[in-house]
């Protein structure tokens, strides 16, 4: 399967506009003041433990909770979701039966596409599993393009990933 020529040209322009290979490893907000980081790191251990407890308490849904909530809200059958994501029943069962299971980023992206999540919900879904769509990863830019265009066909997305020399998602 080859990408339609117009789609390929449009995707090439999108990649050129948004792909930033130099942005792979940004961990601190560039607006963060270095003095603020140093000042906060001097807190007493007990205060840091209390701060951490509050953060843990305020944490949102886990990936597993979010996945099954979305499936239920959309009225989808689990089998349709994992088939459309291109993942097998065994892996999906592992996700369902082990709330602590940490899926690969490609699996989370495939499920996001299968669930036809818009870009904001896709980002939130990825974050629930500890991932993000990075401007420094060409594959992420390609996936983002298709999500923004509401093209949720995993075969077309995989074709584009392959044509641009990136790893495909799902099976």
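Here, each number is a calculation from the coordinates, and none is a lab measurement. Treat the numbers as computed from the prediction; the structure is a model and nothing was measured. Cβ sites come from the backbone with ideal geometry, for glycine too, and all protein chains shown count toward neighbours.
Relative to the globular-protein estimate of 2.2 N^0.38 Å, the Cα radius of gyration of segment 61-171 stands at 0.98.
Among 12, 73, 127, the order by Cβ neighbours within 10 angstrom, fewest to most, reads 73, 12, 127. Remark: 128, 122 ranked as 128, 122, counting other beta-carbon atoms within 10 Å and listing the fewest first.
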